[in-house]
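Worksheet: the structure to be examined is printed underneath.
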Amino acid sequence: MTVPMLELKNVRAGYGAINVLWDVSLSAARGQLTTIIGPNGAGKTTLLRAIMGLVPVSQGSIALAGAPLSSKHTWDMADLSVAMIPEGRMVFRDMSVEENLTMGAFPKAHRAHLATRLEEAYLMFPRLRERRKQLAGSLSGGEAQMLAMARGLMSDPALLIIDEPSLGLAPLVVNELFEILARLKDGKRTLILVEQNTERAVAVADHVYLMQSGKVALSQPANEVDLGRLHELYFAR
């Protein structure tokens, strides 16, 4: 049996006395795109923070390629070949586009490959090449999202976690973004996508999880998902 790239078993986590995740179990298969969808307040971001070591797990386990993550800190994730592209872009506004990308390859093991990774980023995101000397704070929302994604890829992570990439973007930019996500599905990298655009997320995914009130309400291969039923669960009808 193939060991999943990421596996959560009966995870509970939250903030102090407030528990958000309730016995969450899910897994992300190697080389596939797993999407996690759900309404605001479903616990999606808390789930990602628990994976990244930003929120303590009070019960259950999280494993990366079969090895427990319980003793790992957020700053260990780059060395474990895990990268996260957070919601809201979070680029370094007072640094240039190229300086932002360079920060993505900051871990010592990746610095020797900086030139190669920069060229790969510019090939995937041609607009960033045009703006490589421009301050990140002057980019449009779509360009900033592309920069955040390219920066996350600079360390060539085995597991890439992307949180709400389409949030606040114009429809044309969303189309471009999902085309890029489809290209990233090359079988070499495991992707976890948290997204509220259910139809686009299901279309690009291999497996779909729906979260409601801190619990997994649905787990299904993407090609078996009934969007009508999914929306009924999404809106708790």
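The values are calculated or read from the model by the stated rules, or taken from the named source; none is laboratory data. Fair warning: this is a prediction, and the values are worked out from it, not measured in the lab. In this analysis, Cβ positions are derived from the backbone assuming ideal geometry, glycine residues included, and neighbour counts consider all displayed protein chains.
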Revision key, fill the gap. Taking segment 93-116 and the residues there that are within 22 Å of the chain's Cα centre (by Cα), in a loop (DSSP other than H, G, I, E, B) and not aromatic (Phe, Trp, Tyr), the one that is farthest from Gly152 (Cα to Cα) would be Arg93
Revision key, fill the gap. Checked Leu181, Leu177 against criteria (under 20 Å from Gly31 (Cα atoms), within 14 Å of the chain's Cα centre (by Cα) and without any contact (Cβ under 8 Å) to a residue 40 or more places away in the chain); the one match is Leu177
Check your understanding: Does segment 184-203 include one or more residues that are at pLDDT 90 or above, buried (at least 17 other Cβ atoms within 10 Å of the Cβ) and basic (Lys, Arg)?
Key -> yes
**Study point:** Residue among Ser81, Ser96, Ser25 that alone is closer than 24 Å to Tyr234 by Cβ, in contact with a Leu (Cβ under 9 Å, 6 or more places away or on another chain) and of a type in the set (S, T, N, Q)
**Key:** Ser25
Point to revise | Qualifying residue in segment 202-225 (condition: without any contact (Cβ under 8 Å) to a residue 40 or more places away in the chain and over 20 Å from Ala29 (Cα atoms)) | key: no
Practice item. Go through (1) touching a Lys or Arg at 6+ places or on another chain (Cβ under 9 Å); (2) crowded, with 19+ Cβ neighbours inside 10 Å; (3) closer than 29 Å to Glu199 by Cα and name the single condition Asp23 misses. Key: (2)
Check your understanding: Counting only residues that are farther than 15 Å from Ala158 by Cα and hydrophobic (A, V, I, L, M, F, W, C), how many does segment 1-37 have?
Key -> 13
Check your understanding: Hey, does segment 34-45 have a residue that's under 30 Å from Glu232 (Cβ atoms), touching a residue at least 24 places away in the same chain (Cβ under 8 Å), crowded, with 18+ Cβ neighbours inside 10 Å and among the charged types (D, E, K, R)?
Key -> yes
Exercise for review: Only helices (runs of 4 or more DSSP H) wholly contained in segment 170-237 count here; list those with 1 or more residues that are closer than 27 Å to Ser140 by Cβ.
Suggested key: 171-184, 198-204
